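Worksheet for the structure shown next.
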Amino acid sequence: MQISAKGGGGFSGQAEHYEVDTARLANGEALEAMLRKLDFLEAPPAVVGADIPHWEVTIKDGPSQHKICFTEDGSSATAPWQSLIAALRNVA
């Protein structure tokens, strides 16, 4: 499974980008389990404003591809997605 995560926006304009292939990671199965728990493939894509820090995460699994976007607004609704970004930071 290929995971691409791009983050940026906000007043600082800082950007982050992670590319991960779970097949090449010792803990790749754990990362895939996290995505299943988040129900990533069923999550609706969202549109976010440029001035709010946000992330765009794309998953490619064989012929399937799905993309979601979320803001870094500190809400409980985005906390699980922030956990995914933290996990990607740790393996990238």
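Structure notes:
- Those residues of segment 39-82 which are modelled with pLDDT under 80, within 22 Å of Asp21 (Cβ to Cβ) and in contact with a Gly (Cβ under 9 Å, 6 or more places away or on another chain), in sequence order: none
- Contacts under 7 angstrom Cβ, first residue in segment 65-86 being among the aromatic types (Phe, Trp, Tyr), partner assigned to a helix (DSSP H, G or I), 6 or more apart: Phe70/Trp81
- Of all residues in segment 26-42, those satisfying the criterion of being assigned to a loop (DSSP other than H, G, I, E, B) and not acidic (Asp, Glu) are Ala26, Asn27, Leu38.
The values are calculated or read from the model by the stated rules, or taken from the named source; none is laboratory data. Keep in mind it's a predicted model, so treat the numbers as computed, not measured. Glycine gets a Cβ as well: all are built from the backbone with ideal geometry, and neighbour counts include every protein chain shown.
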